[in-house]
Amino acid sequence: MSKDIKSREILVCCGTGCVSAKSDQILDKLKKYTSNKPVKIKPIGCHGFCQQGPLVISEPDGIFYCNITNDDVEEIVNSHIERKKPVERLFYLDPITGKTIPHYKDIKFYKEQKRLILRNCGHINPEEIDEYTESGGYQAARKALNEMRPEDILMMIKKSSLRGLGGAGFPTGLKWEFCYNAKADEKYVICNGDEGDPGSFQDMSVFEGVPHSVIEGMIIAGKTIGANKGYIYVRAEYPLAIKRLKIAIMQAQEKAFLGKNILGSKYCFDIEIFQGAGAFVCGEETALINSIEGKRGTPRQRPPFPAESGLWGKPTLINNVKTLASVANIINNGAEWFNKIGTNTSKGTAIFSLTGEAANCGLVEVPMGMTLREIIFEIGGGTIDNKKFKALHIGGPSGGCLPESLLDIKVDFDSLKKAGAMMGSGGMVVMDETTCMVDVAKYFLDFTQKESCGDCNPCRLGTKQMLDILNDIVEGKGKPEDIDLLSYLSESVKTGSLCGLGQTAPNPVITTLKYFRDEYEEHVNKKLCRAKKCKALISYYINPDKCTGCHICFKNCPDNAISGEAKKTHEINQDKCTRCGICFEKCPPKFNAIECYPGKI
Amino acid sequence: MLVMKEKLGIILSSFSGEGRELIPVLQKVQDEMGYLSPEAMLYAAEFLKIPPSNVFGVASFYEQFRFSPVGKKMVMVCQGTACHVKGAEKVMNEISRHIGIKKGQTSEDMEYTLKGVTCIGCCALAPCITINDDVHGRLTPKLIEKLFIKKPVNKKTNE
């Protein structure tokens, strides 16, 4: 068998997104159909283009099949694998040119990206440690353990200017140095994978796609600060990530990358998984520590900082998943290499999950310094159906909504902060004209208010008051003075809260007030919602010119609000109507007789 | 109660009984029993040598823990940002209409429990839900109808 044939591989994306579209069944069927053929079928972590999933990729030629179903498997086997004839009908269709694109590297979504942290994600089988080592994995750990002193590693990380990718952007080298300098008999390394921000899945994808890169980063961090024990804190809502991490840790132990005397050195290090039990505030490092200790996840007063007194009162280094996954790259390629990527103040790459109304949703890694516009319109392909872009929400409940006029700012920690948003853990939600900005602010406040641990008053009471006002506004009970009151309360909660949750919770409100104040004013003064989202501020109406009296809306209305005889024009009783929208959905498209209006009729 | 104690004893046999294990212990109990009953929490307190108030304090803090039994099918509607923007509320209302219970409730026949969840990480397939371990994405009213309306028995297959 020639080497060329031997190395042929068919990769099936088995990230959570594709698995939910049944890619696991595709994988099994492909394996079954090719059991006697010279081709390797393997599952991979998130390949990125979730929107087009399930994805099947052929390597080394890079042929990219999207939206695959179980029924397509036979054709792929018969045509592509047997006769080396790619199946054209399964190629990606460029929505702009209308032409098919066979190789993923030519697709715009991939072309503009720079994959460093995700270098191996979507290429190797995450459940096979050998695939990771064969692609250069654990070389950095080997180098750090056998050739470098802790001070050397520290110097390299500091020189690289890597900043914490969990969102706040604290210099990683400095954090490591604090822990290195702390004197104690025991120290800990914690990987913060409590990705609680709704609308982001980057940490999950790193765990699912390249779990060993996190483990490798933790080994190096542990050796540097002098810790022998690490914890990976991962959300229980990510069952697949937990499963793959468990396998990865077990395999790393078997290969002596974890355990006693790692790789023949004197250094011992082991990792335990801790499953978070569902509390957003546990993403805050001191709350996370309390949670591991078996307590309620409330933040601690700082100082002392975890670097001095963290888990069980010992010096503790807490880094985000992506920060740790960046470490091996820096050790392998050097600080100068890393320094060349990114902007003056933010080096390296950032991973975003691009979602919402973007035409191309998925997992995206770009160099710092790329503009938001490039990410949304080049990689993301703009909005679905070319609807009018309204806002980009970035940074989860702690982040903010940016209008179109700010899309030329560059992605880095400082520019985003200046605009009122933040990097956060990297959720990017594209919103078009059908999204109501007041509703979005309410949505986030509703979330943070529920997730507030209740320890400090400004956060517990302030978010509740803000939410009450926002609820009034979307229910049509808003008063003109509410808008200024909201703005005043936002500042109070921001300055008065103990931890990051409260300090950033008002951000969605502050930014929407700043950039979309006219929408608030419309809700309050004109009692209308232009996006037609807020039920109390819209009305449904049957267009008599279009209604044929088919009676479908009449039959489906749960509130008996529609009257009319068969074959005659129907009418909606506005007093009875609860604006559930069922009639709007049910009216056959050929008639389209039901219309929705902003405001009350 | 005795049977319950024995059962809990077996469930927790892999733990050493230290207070720090509280959260994994509660997770394990809930995994096996479906929910945290008062008896189970009292047992956990005794097992870990910590006050019952601590156990309840921690259990009630975290979203994951529940204190009543759940239906055979646990339906979780994702309410993450992407899903919210793409109509998670409508999805919740539609499902609620089909199975006749509201968010947070369990049906009387113990068939369904309907819950909201912050984010399950399938944002690119929004709006999505999970039914037990299965994720269903890109939901439309039609798909929801398919998932939740009992299929009429096809007479031909009975022949």
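The values are calculated or read from the model by the stated rules, or taken from the named source; none is laboratory data. None of the values given here were measured: they were computed from a predicted structure. Quick reminder, even Gly has a Cβ in these numbers, built from the backbone with ideal geometry, and neighbours come from all protein chains shown. Side chains included, ligands, DNA and RNA excluded: accessible areas come from the protein's heavy atoms. Shrake-Rupley method; radii C 1.70, N 1.55, O 1.52, S 1.80 Å.
Most simply put, segment A:318-430 has about 80% antiparallel DSSP beta bridges, counting only bridges with both residues inside it.
Sort segment A:117-238 into rounded, prolate or oblate with this rule: let a ≥ b ≥ c be the square roots of the eigenvalues of the Cα gyration tensor; rounded if a/c is under 1.5, and if a/c is not under 1.5, prolate when a/b is larger than b/c, oblate otherwise. Taking the square roots of the gyration eigenvalues as a ≥ b ≥ c, segment A:117-238 is oblate. Accessible surface for A:Lys546 stands near 90 Å², nearest 10, in the context of the full protein assembly shown (1.4 Å probe). Restriction of the GluC sites (Glu not before Pro) in segment A:517-587 to DSSP coil positions whose beta-carbon has at most 11 other beta-carbons within 10 angstrom yields A:Glu565.
Per residue of B:73-84, other chain Cβ atoms within 10 Å of the residue Cβ number 6 on average.
FRET efficiency for the pair A:Glu565 and B:Asp109, taken as 1/(1 + (r/R0)^6) with r the Cβ-Cβ distance and R0 = 51 Å, rounds to 0.85.
Could you tell me the total accessible area buried at the B-A interface, probe 1.4 Å, in square angstrom to the nearest hundred?
That pair hides around 3600 Å² of surface in total.
Kirkwood Rh over Cα pairs of segment B:2-95 into Stokes-Einstein at 25 °C, 0.890 mPa s: D in µm²/s?
Value of D from the Cα-based Kirkwood radius: 165 µm²/s.
Can you pull out the trypsin sites (Lys or Arg not before Pro) in segment A:435-495 whose DSSP state is coil and whose Cβ has at most 14 other Cβ atoms within 10 Å?
Passing sites in segment A:435-495 are A:Lys477.
In a DSSP loop and with at most 10 other Cβ atoms within 10 Å, the trypsin sites (Lys or Arg not before Pro) in segment A:57-98 are A:Lys84.
Please work out whether segment A:74-124 counts as rounded, prolate or oblate from its C-alpha gyration tensor, where a ≥ b ≥ c are the square roots of the eigenvalues and a/c under 1.5 means rounded, while otherwise a/b larger than b/c means prolate and anything else oblate? Since a/c reaches 1.5 but b/c is at least a/b, the shape of segment A:74-124 is classed as oblate. Here the accessible area of segment A:457-601 is 51 percent carbon and sulfur, with a 1.4 angstrom probe and all protein chains present.
Using the Cα atoms of segment B:44-126 to build a convex hull, what is its mean projected area in square nanometres?
With every direction weighted equally, the projected area is 6.9 nm².
Of the residues in segment B:99-120, those shielded by at least 50 Å² of accessible area once partner protein chains are present, compared with the chain alone at a 1.4 Å probe, are B:Thr118, B:Cys119.
Solvent exposure of A:Asp152, expressed as accessible area, is near 50 Å², computed with a probe of 1.4 Å over the protein chains only. Would you please state the base-10 log of I(q)/I(0) at q = 0.09, 0.14, 0.16, 0.18 1/Å for segment A:373-517, with intensities from the Debye formula using one equal scatterer on every alpha carbon? Each listed q corresponds, in turn, to -0.27, -0.64, -0.82, -1.01.
Between A:Lys388 and A:Trp337, the contour length at 0.36 nm per residue exceeds the alpha carbon distance by 14.4 nm. Taking N as the residue count of segment A:128-171, its C-alpha radius of gyration divided by 2.2 N^0.38 Å amounts to 1.46. Each 20 Å bin, from zero up to the one with the longest distance, holds this percent of the alpha carbon pairs of the protein assembly as shown: 16, 48, 31, 5, 0.
Across peptide A:580-588, the mean count of Cβ atoms from other chains lying within 10 Å of each residue's own Cβ comes to 2. With a simple spin-label model that places each label point 7 Å from the Cα along the Cα-to-Cβ direction, the separation between A:Phe591 and A:Cys268 comes to 7.7 nm. In the protein assembly as shown, the DSSP beta bridges split such that about 55 percent are antiparallel, to the nearest 5.
Other residues lying with their Cβ under 13 Å from the Cβ of A:Arg142 contribute a combined charge of +1, Lys and Arg counting +1, Asp and Glu -1. Solvent-accessible surface, computed for protein heavy atoms with a probe of 1.4 Å, shrinks by 50 Å² or more for the following residues of segment A:254-303 when the other protein chains are added to the isolated chain: A:Ala277, A:Gly294, A:Arg296.
A Förster radius of 25 Å, combined with the Cβ-Cβ distance separating A:Lys477 from B:Thr140, puts the computed FRET efficiency at roughly 0.15.
Overall size of segment A:208-281 from C-alpha positions, given as principal axis extents largest first: 38, 24, 16 Å. Note on A:359-367: average number of Cβ atoms from other chains within 10 Å of each residue's Cβ is 1. Rounded, prolate or oblate: pick one for segment A:91-150, where a ≥ b ≥ c are the square roots of the eigenvalues of its C-alpha gyration tensor, a/c under 1.5 means rounded, and failing that, prolate if a/b is larger than b/c, else oblate. Prolate.
With each run of n ≥ 4 DSSP H residues scored as -39500 (n - 2.57), what mean residue ellipticity at 222 nm is computed for chain A after dividing by its residue count and rounding to the nearest 500 deg cm²/dmol?
Dividing the helical sum by the residues of chain A leaves -9500 deg cm²/dmol.
Between A:Asn146 and A:Lys576, the modelled labels are 8.1 nm apart [label points 7 Å from Cα along Cα→Cβ]. Ligands, DNA and RNA are left out, and with a 1.4 angstrom probe the accessible area of the protein assembly as shown is 43 Å² per residue. Helix A:321-333 and the long axis of chain A differ in direction by around 40°, with both axes built from C-alpha atoms.
Computed from the Cβ-Cβ distance with R0 of 35 Å, the FRET efficiency linking A:Lys514 to A:Leu174 stands at 0.65.
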